[in-house]
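S.K.: I am attaching a structure below and will ask some questions about it afterwards.
Bear in mind these aren't lab numbers, they're just calculated from the coordinates by the rules spelled out. Everything numeric in this text was worked out from a predicted model, so none of it was measured. Here the Cβ is made from the backbone with ideal geometry for all residues, glycine too, and neighbour counts use every protein chain on show.
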Protein chains: 2
Amino acid sequence: MFIGEYQHNIDQKGRLAVPAKFRKILNKGAVVTKGLDDCLFLYTTEEWEKLAEKLASLPISKSNTRSFARLMLAGAMDVEIDKQGRMLLPDYLRKYASMKKKVIIAGLYNRLEIWDDLKWNKYKKGMESKSGDIAEALGELGV
Amino acid sequence: MFIGEYQHNIDQKGRLAVPAKFRKILNKGAVVTKGLDDCLFLYTTEEWEKLAEKLASLPISKSNTRSFARLMLAGAMDVEIDKQGRMLLPDYLRKYASMKKKVIIAGLYNRLEIWDDLKWNKYKKGMESKSGDIAEALGELGV
DNA sequence: ATGCTGATATTCACCAATAAACATAGTTTT
DNA sequence: AAAACTATGTTTATTGGTGAATATCAGCAT
């Protein structure tokens, strides 16, 4: 499904061109929402509905699951891909993820993540320095 | 499956010709990922799917599994073998493995590894001098 | 050796995707 | 109603990916 890392620009009107290879699948409908680590999550409508149900069924008694569900559910917005393959990112989401112009679109199998490019690169640097742990984790997954 | 060591060149557009004997099997689709020791891993789509499913099913609520999945999934890219037997390596992966032009393609049974030739030769030298220790370690594994 | 075959390397030309500027229609404001 | 603004759509230029053609090289057979 979604895979890879892509760099794209947001235009003056707040529109973002999605990588050409993902357009077909996203044309049926997509949902953007506030993600974790200051990025945005983008799901197909289908995937989103699965997730939304899970979120809605979380125990409302626990304060942290409650706020996590709120973040994702209340922050969500359905977006359309226009004829040129762009989607309009609402202002409040662009602000949430502190996006200026250059953004990174990252494929994470069942979702896309949209990052401000500076944040992405910082995050990645931090991660790659820990690659020793990764080797071990890979072992556990049977690679 | 994959076996042998081959030296190939990356062309101006970032394309790499894969050894002719592997084309047939890779034609169905392949995935390149960030490997260990600054090289790239190349899997058949089939092999990759197994891993990706596992990664995607990790809980997104935990910060370290989240970043691990990000690194592996976003770091991967699905590639196609064109009619001339070449595949396009995305910029960010070539940078990751610090590849210029000459690269080594090494068969490791269920995956291919792609190395910058300089790194490969350094690495190999280091290994060969340690081969005594390695032999002992193998003994412990019962080989 | 010579010529043949298949594989790799390199170059050029074309087409599709992206970025950016511009145009239009529909709303809101005064 | 006119001006300004917003959202959406269109056009163009540039970039980069894709395909085709040619050249080079190695292995093999005659």
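S.K.: Taking each residue in A:28-36, count the Cβ atoms of any other chain within 10 Å of its Cβ, then average. What number comes out?
M.R.: Shielding by partners across A:28-36 averages 1.
S.K.: Distances in nm, one decimal, shortest first, from A:GLY139 to the same residue in every other copy, taking the label point 7 angstrom along Cα→Cβ.
M.R.: For A:GLY139, the other copies' label points sit at 2.1 nm, shortest first.
S.K.: Regarding region B:2-117, what is the average projected area of its C-alpha convex hull, in nm²?
M.R.: 7.0
S.K.: Within region B:33-47, list the residues whose amide N lies under 15 Å from a label point set 7 Å along Cα→Cβ of B:TYR6.
M.R.: Only B:42-44 fall inside the zone, counting backbone N under 15 Å.
S.K.: If you don't mind, another one. Give me, ordered by chain and number, the residues 5 or more places off B:VAL79 or on other chains with an amide H under 5 Å from its own placed amide H.
M.R.: Result for B:VAL79 returns B:ALA30, B:VAL31, B:VAL32.
S.K.: So, one more: Under a Cβ-Cβ cut-off of 10 Å, what is the net charge of the residues other than B:LEU118 that fall near it, where Lys and Arg count +1 and Asp and Glu count -1?
M.R.: On the way: positive: B:LYS100, B:LYS102, B:LYS119, B:LYS122; negative: B:ASP116, B:ASP117.
Spelling it out: positives minus negatives among the neighbours equals +2.
S.K.: Sticking with this structure for a sec: How well do other chains shield peptide A:124-130, expressed as the mean number of their Cβ atoms within 10 Å of each residue Cβ?
M.R.: Mean partner-chain Cβ count within 10 Å for A:124-130: 3.
S.K.: Can you work out ³J(HN,Hα) from phi for every residue in region A:104-113, in order, using Karplus 6.51 cos²θ - 1.76 cosθ + 1.60 and θ = phi - 60°, giving whole Hz and x for Gly and Pro?
M.R.: Residue by residue, region A:104-113 yields 10, 10, 10, x, 10, 6, 9, 8, 9, 10 Hz.
S.K.: With θ taken as phi - 60° and the coefficients 6.51, -1.76 and 1.60, list the Karplus ³J(HN,Hα) couplings across region B:125-142 in order, rounded to whole Hz; mark glycine and proline as x.
M.R.: Couplings: 4, x, 5, 5, 6, 8, 4, x, 4, 4, 4, 5, 4, 4, x, 4, 7, x Hz.
S.K.: Turning to a different aspect of this structure: What order do you get for A:47-53, A:33-39, A:110-116, B:8-14 when each peptide is scored by the mean count of other beta carbon atoms within 10 Å, highest first? Intermediate results must be reported in sequence, preceding the final value.
M.R.: Details: A:47-53: 15.3, A:33-39: 19.1, A:110-116: 23.7, B:8-14: 12.9.
Order by mean packing, descending: A:110-116, A:33-39, A:47-53, B:8-14.
S.K.: Turning to a different aspect of this structure: Using Cα-Cα distances under 8 Å and only pairs 6 or more residues apart, what relative contact order does chain B have, in percent? Mind dumping the intermediate values first?
M.R.: Details: 200 pairs, mean separation 49.0, N = 143.
Relative contact order, chain B: 34 percent.
S.K.: Oh, and also: When a footprinting reagent is the concern and you count Cβ atoms within 10 Å, what order do B:MET72, A:MET87 take, fewest first?
M.R.: A:MET87, B:MET72
S.K.: Here's another thing I want to ask about it. Within 10 Å of each Cβ in B:60-70, how many Cβ atoms from other chains are there, averaged over the peptide?
M.R.: Rounded to a whole number, the mean comes out at 5.
S.K.: All other residues with a Cβ under 14 Å from the Cβ of A:SER98 taken together, and with Lys, Arg as +1 and Asp, Glu as -1, what is their net charge?
M.R.: My count for the surroundings of A:SER98 gives +3.
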